[in-house]
Every structure is written in structure tokens, then in C-alpha cells.
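Notes follow the structure.
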Amino acid sequence: RNSVAVAVGSDLRVFNLLEDCAVILVDEAGGASHNDSIRGIKYGADGKLFVSAGDDKLVKVWSTESWRCIATVCSEKRVSAVAISNDGLHVCFADKFGVVWVVDLPGVDETQAPLNKKAVPLLAHYCSIITSLEFSPDGHFIVSADRDFKIRVTVFPKKPLDGAHEVQSFCLGHTEFVSCLAFICTPDSPQGILVSGGGDSTVRMWDIISGSLLDTCAVGAKAQFESDTTEGNCSTVTDICTIPACTLIAVAIQSLRGIMLLSCNLSSRTLSVMKVVSIIGENFVPTSLGSSISGGLLWMVTGASKLRGSDVSSLSRVKVISGFEKSSPDASEQEPAVLVDSEIPGGAKLLEKLQGSISVDEKVFLAAADAVKTAMCNLLIKKQYSDEKREFRKRTRNDRKSKH
């Protein structure tokens, strides 16, 4: 509500929308907040907490009032996804080995020195990279998605430190990796309706209680038509974002220079493509989306941690779409429009903070767009090995701990 945060490379960049100024992060651990690529950032449900984590195997919990790091958690492996429980009492994070960990936050006092909290395992997907973590709107379930096409719905226990042993359902149907999750909040379903996107170029809607597939929207063909491209496997859904107080879902797709808006019919529980909002005159392909609870804005970002053969590092670009006011819950009344840079809240000061500079050279930006187009597939598409190669990899593993 009060700030916007962008992670690109190892940089965590925050802008205070209320005070119209860049935020200075206070991390008493010294040095940079993170020293390797950040893979997950998440605001808490009430906006008071923020968590960041990544390849440096550190999970940082921040107070959004002072933007001071109030707790640091060390992970055994690189972190791939994060989530904060709805009551703000627990932080969950997933690693690249397929384990979801939980750490409790009660007793964390912002006036005290940052705590070094210890995480305990909550659940596991067994050697599959977990790509996304989300709590249901009522807080009763934690949903995890992975590289092996699975979505697991787990009952979040009253004592999370003892582990989560009750699986509510599995949502099975994706034919490639699941990349992102989001919930549609409805009065009739306090647990929410789950939507997911993945490498199979589809957005799917689920009933998490039964795990049943409610509807599938094939967005890949529409995206390729809009982008006028013939490239193969370039319609991966990189992110989805539900718009508060309406039934619209924003979808970011690798090949699409803009975003696709899907309409959800709650009575029939179906999805349909409503419109495509294109970004004109710029090679902007969003990779991450976020909606503001107030103001009716959809925030979009794309970026690259490092460009080969270039001195430019941690490049990002921010765009905003308006027209999602709460006064117009009917999807047909929405008229989304891409804001020019001067119309974005915070204007030039925000762009300078979040992007690193106000303007981005077109050649560099084009190189970044090409880099992010293949990054996700390179990371998540499972490699197929012959029996001989598989046995060789087993014999030459270097992650086994030696016994003394």
C-alpha cells in the first residue's frame, strides 16, 4: 500500500510512495543486504512485513515501517520461493532441493538487534525445485508448486514447527513446470480459488479442497498472435497477478510485449481472455507483476541480473497500468491504460531508484529482453539424460557430505 519494491540481481530497491522518496535499507549485518541473486520477495498480508531471499542462502525479514532488517535466517541451500503467513507469525521459504522450511517470528522486536532465527522443515517435494509458495486467503492452507508439474495443497498446522503432515489435495494437470500461483478471493469460497501458470502456456483454475481442475485457458496461441512471432516455446507464463476487488487476472508471458487480462466468471468458474494491453514503442516483456490494493494500479517489471559482454549490471525497467479502480468491478467497464513515465506515482525519482537510472539505452534493453526470454526455461525444463550419463552423474556428485 505504501511502498513498491523491486529485486534485480542482488539489489533490493524500495521506494516509499507516501513520502515520495527512495528507501534506505538498514541491515546491521553490514555490507550489502544480499550478495547474490534475489529469487523471491513478498509483502505480508497487512503490509507490515517484507521478506527477501535468494542464492546467497539468506532469508531477510524487514519491517516496512523503518525498512530495518529484523531477522535473518540461514538456509542450507539456495532459496527459490518465499511466503509470509496471513497472521505475520511465520515465514516460509522453499529451496532448490524441494524442501519448504518455516521459521517463527513471535518475539521479534524492531527495537532490538536483528535475530538469527533457525528454520525447521515444514514439508517437501522431494528433489524437485519449488517455484512458488502462496497462503490461501483464509490462511488455512499453504500451496506449493514445482518443476515437476505438481501443485500441492497442504493444511497449515497450528504448530508449524512440528511439521505439516496433512495434505489436502494435489492439483494435477499442467504438462510442464508450474511457474506461478495466485488466489482469487470470493465471498462464497473463503479459501479462495487458485489460479496457476506454467511452461505449458496455460493458466489453470483449481478447487483446492478437492484438487479438481475447474478450467484451462490456453494463452500461448493468443500471445503468439499478438506478438507476431514464430519462435518455439516462447509462451511460458512467467507471472500471474489477481486484481483486488474485481475478477480480472493479469498474465505475463515470455513472448508478449505487454500483459494479457483474463476474466474469471465466478458463477460458472471459467476463464476467458478479455483483452491484451500492449506496450507500444519499447521492447518491454514483463517478467513479474504486482497489484496495489488501493489506487487501481498494476505494476510490472522486467530485468536481468547480468548481461554478457556488457558493463551494465542489474538492469530493470518498470511500467504501470491504471484503470482497475474498485468502483468498476465489472470487467467490461475496465479501460486499462499504460502510464507514461511522468504519470507513474513517484515519477522520475521512483524510476531512478527502481531502475537504477531514469532512461535505459534501447540496445542494452533489447539484450536484456533476449536474456530473460530464455532464462526461466533453462532453469526449469527438466534435462533428459541417458542411463550411462545418469549413472556417471550419480558417481560424481559433489554435494555429499564427507563423514569424519
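The values are calculated or read from the model by the stated rules, or taken from the named source; none is laboratory data. All values reported here derive from a predicted model rather than from experimental measurement. In this analysis, Cβ positions are derived from the backbone assuming ideal geometry, glycine residues included, and neighbour counts consider all displayed protein chains. Heads up: the accessible areas ignore ligands, DNA and RNA and are worked out on the full protein's heavy atoms, side chains in. Shrake-Rupley method; radii C 1.70, N 1.55, O 1.52, S 1.80 Å.
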*How would Lys60, Lys349 rank on accessible area, largest to smallest, probe 1.4 Å?*
Lys349, Lys60
*Once both labels are modelled 7 Å past Cα along the beta-carbon direction, what's the Leu213-Ser63 spacing in nm?*
4.7 nm
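Step through the table entries Lys319/Lys353; Lys96/Lys389; Lys60/Lys117, compare each Cα-Cα distance with 19 Å, and write down the pairs that go over it.
Long pairs (Cα-Cα over 19 Å): Lys96/Lys389.
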*Using per-residue counts of other Cβ atoms within 10 Å, averaged over each peptide, order 271-280, 15-24 from highest down.*
271-280, 15-24
*With each pseudo-label sitting 7 Å past Cα toward Cβ, what's the Lys118-Ala221 distance in nm, one decimal?*
5.6 nm
*Evaluate the distance, in nm, between pseudo-label points positioned 7 Å from the Cα of Thr396 and of Ser267 along their respective Cα→Cβ axes.*
6.2 nm
_FRET efficiency, Ile24 to Ser278 (Cβ-Cβ, R0 30 Å, nearest 0.05)_ = 0.25
*Remind me, relative contact order of region 1-136 in percent, using alpha carbon pairs under 8 angstrom and six or more residues apart?*
18 percent
*asked:* If amide hydrogens are placed 1.01 Å from N in the peptide plane, which non-local residues have theirs closer than 5 Å to the one on Gly258?
replied: Ile279
